[in-house]
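Notes follow the structure.
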Amino acid sequence: FEGPWAPGQPDARAIEPDWRPWLQALFPSTFTAPLASYHEELWEWLWRVPAVGPGPDGHNTYVAIWGRGFGKSTMLEVGAIALPAHSRRRYGWYISSKQAQADDHVGSIAAKLREIGAHYPELAAAKVEYVGAVGAGRGRQLAWRRNRIWTEDGFTIDALGLDVAVRGAKLGDNRPDFMIFDDVDEELDAEGTIERKVVAITRRLIPAAAPGCIFLVGQNLVHANGIVSRLMDGRATYLGSRTVSG
């Protein structure tokens, strides 16, 4: 039986051709009203992302500059599930200004993954390592914690704060095939703080990406000289192959 669906479970392949029934079937309590046009544009782009390589428009970055309360984080968190489920991406980083923020987002993704066990049982279960003789060994959960999700089918997503990246935290040997930047700017960021964040992004995070990595960025504009403001007005030399929404 091919794919992440176990025999006897509802087959998600029947609804995967279209993101609309997929969202409704997997997250009915989250998507209770029609989406706005900018939501639909993001999902049209996201749903056509291949397993390797840039997005459907040839750009490797999608920047959603939406106002507060416009569902930015919800779309990015669900997108972090759609990428392994539909596009077969295998390893992601969820990046925020502070480690605690990134941890919260990954915790929210973990809760959403538990909702989809009927369709994707191996995405909804934690990776377990068995120690001892075959059939008699003891299972040990490898990772389903605040800052890392490691699922039974091998998909992994790590939470990373730019404050940690700036201090030189070890990021491991794995190379992510997608990164999500959510709320990396803060209203009271000093100029030196912004420059340190840019250094972390350009010298530590982006160079660590796997070939064909895609980048999703979500932010409401809170700082005129912030990271995302520079993406919007063209000052940024990073993430240059980008589609900007908003």
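The values are calculated or read from the model by the stated rules, or taken from the named source; none is laboratory data. Nothing here was measured: the structure is a model prediction, and the numbers come from that model. Cβ atoms come from the backbone with ideal geometry, glycine included; neighbour counts cover every protein chain shown. When the accessible area is computed, the model is the full protein with side chains, heavy atoms only, and any ligands, DNA or RNA have been set aside. Shrake-Rupley method; radii C 1.70, N 1.55, O 1.52, S 1.80 Å.
Highest mean first, what order results for 180-186, 40-46, 15-21 on Cβ atoms within 10 Å?
180-186, 40-46, 15-21
May I ask for the distance between the Cα centers of region 94-122 and region 175-246, given as a whole number of Å?
Here the two parts' Cα centres lie 21 Å apart.
Let me spell out the model: positive unit charges on the Cβ of Lys and Arg, negative unit charges on the Cβ of Asp and Glu, origin at the Cα centre of the chain. What dipole size does that give, in debye rounded to 20?
It works out to roughly 660 debye.
Under a point-charge model restricted to the Cβ atoms of Lys and Arg (+1) and Asp and Glu (-1), what is the dipole moment magnitude of region 169-233 relative to its Cα centre, in debye to the nearest 20?
Dipole magnitude for region 169-233 comes out near 420 debye.
Counting heavy atoms of the protein chains only and a 1.4 Å probe, report the per residue accessible area for the chain as a whole number of Å².
Ligands and nucleic acids excluded, the figure is 45 Å² per residue.
Need the list of aspartates and glutamates near LYS98 for cross-linking: C-alpha distance under 20 angstrom, and skip anything on the same chain fewer than eight residues off.
Cα-Cα hits under 20 Å: GLU77, ASP158, ASP163, ASP182, ASP183, ASP185, GLU186, GLU187, ASP189, GLU191, GLU195.
Starting from 0.36 nm per residue, how many nanometres of slack lie between ARG145 and VAL52 once their C-alpha separation is accounted for?
30.7 nm
From the residues ILE201, GLY234, ILE65, which one has its Cα farthest along the dipole of the chain in the positive direction, the dipole being from +1 and -1 charges on Cβ of Lys/Arg and Asp/Glu about the Cα centre?
The listed residue farthest towards the positive side: ILE201.
Mind sorting out which of (i) 25.6, 85; (ii) 18.2, 60; (iii) 18.8, 66 is the real Rg and Dmax of the Cα atoms in Å computed from the coordinates?
Given (i) 25.6, 85; (ii) 18.2, 60; (iii) 18.8, 66, the structure-derived one carries the label (ii).
At 222 nm, what value in deg cm²/dmol follows for the chain if DSSP H runs of at least 4 each add -39500 (n - 2.57) and the sum is divided by all its residues, to the nearest 500?
Rounded to the nearest 500, the figure is -8000 deg cm²/dmol.
For THR243, what charge total do you get from the other residues with a beta carbon under 13 Å from its beta carbon, if Lys and Arg give +1 and Asp and Glu give -1?
Spelling it out: positives minus negatives among the neighbours equals -1.
Which FRET efficiency value, to the nearest 0.05, do you get for VAL244 and GLU115 by plugging their Cβ-Cβ distance into 1/(1 + (r/R0)^6) with R0 = 30 Å?
So, using R0 = 30 Å, E works out to roughly 0.45.
Considering only protein heavy atoms and a 1.4 Å probe, what is the carbon-and-sulfur percentage of the accessible area of the chain?
Ligands and nucleic acids excluded, carbon and sulfur give 53 percent.
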